[in-house]
Amino acid sequence: MTLLNSRVIRLAVASILGGALIGFVGGAFRYFLIVSDRLRGELITWAGRWPHIGWLIPVALGAAGAGLARWLVVKFAPTAEGSGVQRVEAVFSGEAEPASPVVVPVKFFGGLIAMGSGLALGREGPTVQMGSSFGVWVARYLVRDDEDRRVVEAASAGAGLAVAFNAPIGGSLFVFEELTSSFTPWLLIATLAAASVAVWLMRVMLGNTLSFTVPQVSPTAIWNKWPFLGLGALLGLTGACYNAAIMRLLRLTDRMSRISSLKRAAIIGAVVGAVAWFAPGMVGGGEGPTQAILANHFTITLLASLFVVRFLLGCWSYAAGAPGGLFAPMILLGACSGALFAAVVNHLDPGAALSLGACAIVGMGALFAACVRAPLTGIVLAVEMTGRADLTLGLLGASLMAMLVTTLLESEPIYESLKRRMLSRVVVTPRKIDVGVERTG
């Protein structure tokens with residue numbers, strides 16, 4: 001066996017190429033989303049000059065954007081619907097075939113149009129599925145057997161998540177904990193290779209900055225008290241309700257067969273546009289409001305309003321069937337929940353002196369654990385996005401309580417529910433499952 005024919009070299013080279021592709025494309029995707037958010041805000045400000053009819057502009061933008069994004073999915077790549085994470089999981093487990101190459105442009109442009117028009121969706125859904133598709137392409141030419149091809153696909157998908165949040169460790173953990181429920185030397189090599197190259201290239205394009213700017217503080221006496229455990233328990237209940245709301249709304253739209261999916265998407269987009277007219281900051285992926293929460297720019301009333309609106313808007317937007325993920329809206333909702341919890345406790349007991357920023361960060365990780373049931377990924381994502389490694393103990397405790405509550409409530413992880421729905425709606429040809437990897441879950 002020559003060095004170039006070595007299995008590990010082939011896996012590493014394929015994963016590096018897959019990571020490089022999603023690093024470049026994912027970086028461009030992030031850049032254009034930033035531009036589209038700015039242009040949407042400027043458009044709504046301009047429309048405000050005509051208060052009596054100006055509202056028609058964001059409503060029309062939302063309807064057209066959601067409808068066009070859905071049309072791209074229906075016309076060219078039905079497998080590009082929604083997040084895409086559930087499909088990547090199904091491909092790895094052999095329950096579905098890899099998506100066709102056209103899913104990449106549909107995810108890129110469809111996601112850009114959907115989120116740019118204001119839908120409350122996350123950029124990580126498109127980058128994860130695009131990363132998986134790039135992994136399929138390179139593995140087809142560089143990797144010999146199906147097992148290694150699936151490894152490269154999963155590693156490239158994890159690199160997509162890493163690029164979305166500038167979180168290489170979180171993206172890597174996502175592969176082991178959620179996408180594959182596996183941990184082998186081959187998967188480890190491929191994942192680290194793809195994530196490191198992808199994030200490096202993305203940082204070359206966009207700069208090496210944290211997703212959110214948060215002041216560093218020293219740990220306080222709250223580490224020895226109950227607040228984070230109580231917050232985690234409440235977020236376990238919130239996560240179970242959020243998952244149930246998403247699935248119920250999807251089932252409702254499935255039953256509305258008399259209305260085409262394009263019309264449903266347009267109606268959903270129009271409602272989002274109406275929200276944008278009254279509160280432009282509440283629509284879109286949610287990075288702006290999350291940063292404002294972490295900077296303590298919200299009162300209790302505004303936090304409560306933001307929580308209600310984003311809870312409903314996240315479920316409503318996902319029902320459009322446009323390309324877009326759940327993580328970013330989930331992160332905003334978790335941050336809002338944590339800050340609101342701290343604000344209420346401080347109001348009732350001023351001596352508690354809870355940090356709204358700290359509770360917001362802990363809320364980000366705990367709600368992720370409750371909804372996705374991948375606590376380690378959620379904890380590391382929260383730390384990498386904010387740089388607040390001093391909150392790891394709070395994140396662990398809150399995530400533990402969130403997991404306990406959702407388990408007791410028998411709430412199924414969101415991607416398990418979405419995968420089952422996906423497989424029940426399409427005819428798939430399962431691939432032979434002989435991956436030769438150790439399962440941990």
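Side notes on the structure shown:
- Taking residues in region 6-33 that are at positive phi and crowded, with 17+ Cβ neighbours inside 10 Å, and partners anywhere that are assigned to a helix (DSSP H, G or I) and at pLDDT 90 or above, not one pair has Cβ atoms closer than 8 Å while being at least 6 places apart or on different chains.
- Selection within region 373-420 - surrounded by fewer than 23 Cβ atoms within 10 Å (Cβ to Cβ), charged (D, E, K, R) and modelled with pLDDT under 90: D390
- Search result, residues across region 128-159 that are in contact with a Phe, Trp or Tyr (Cβ under 6 Å, 6 or more places away or on another chain) and polar (S, T, N, Q): S156
So that you can scan it fast, the table gives a plain yes or no per residue for (1) touching a His at 6+ places or on another chain (Cβ under 6 Å); (2) part of a helix (DSSP H, G or I); (3) of a type in the set (A, V, I, L, M):
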residue: F307; (1), (2), (3): no, yes, no
residue: L312; (1), (2), (3): no, yes, yes
residue: C315; (1), (2), (3): no, yes, no
residue: A320; (1), (2), (3): no, no, yes
residue: A328; (1), (2), (3): no, yes, yes
residue: L333; (1), (2), (3): no, yes, yes
residue: G338; (1), (2), (3): no, yes, no
residue: V344; (1), (2), (3): no, yes, yes
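- Which listed residue is small (G, A, S) and either in a loop (DSSP other than H, G, I, E, B) or on the phi > 0 side of the Ramachandran plot (or both), from G118, G135: G118
- Every residue from region 68-86 that is in contact (Cβ under 8 Å) with a residue 40 or more places away in the chain and more than 30 Å from M205 (Cα to Cα): W71, V74, P78
- Selection count where residues are among the small types (G, A, S) and surrounded by fewer than 21 Cβ atoms within 10 Å (Cβ to Cβ), scope region 234-246: 2
- Candidates are the residues of region 386-402 that are part of a helix (DSSP H, G or I) and over 16 Å from G338 (Cα atoms); the one that is nearest to the chain's Cα centre (by Cα) is A389.
- Flag for M401 being farther than 15 Å from I293 by Cα and either in contact (Cβ under 8 Å) with a residue 40 or more places away in the chain or not polar (S, T, N, Q) (or both): yes
- Filter result for G82 (among the small types (G, A, S), touching a helix residue (DSSP H, G or I) at 6+ places or on another chain (Cβ under 6 Å) and under 17 Å from Y318 (Cα atoms)): no
- Taking the criterion of being in contact with a strand residue (DSSP E or B) (Cβ under 8 Å, 6 or more places away or on another chain) and either surrounded by fewer than 19 Cβ atoms within 10 Å (Cβ to Cβ) or of a type in the set (S, T, N, Q) (or both), the only residue of region 68-105 that qualifies is S83.
- Candidate set from region 247-276 (those that are under 13 Å from V59 (Cα atoms) and not aliphatic (A, V, I, L, M)); member that is surrounded by the fewest Cβ atoms within 10 Å (Cβ to Cβ): G273
- Cβ-Cβ contacts under 9 Å between residues 6 or more apart (or on different chains), taken from a first residue in region 41-67 that is without any contact (Cβ under 8 Å) to a residue 12 or more places away in the chain and surrounded by fewer than 18 Cβ atoms within 10 Å (Cβ to Cβ) to a second residue that is assigned to a loop (DSSP other than H, G, I, E, B) and not aromatic (F, W, Y), are listed as W46/G54; G48/G54.
The values are calculated or read from the model by the stated rules, or taken from the named source; none is laboratory data. Not measured: the values here are computed from a predicted model. All Cβ positions, even for glycine, are placed from backbone atoms using ideal geometry, and neighbour counts span all protein chains on display.
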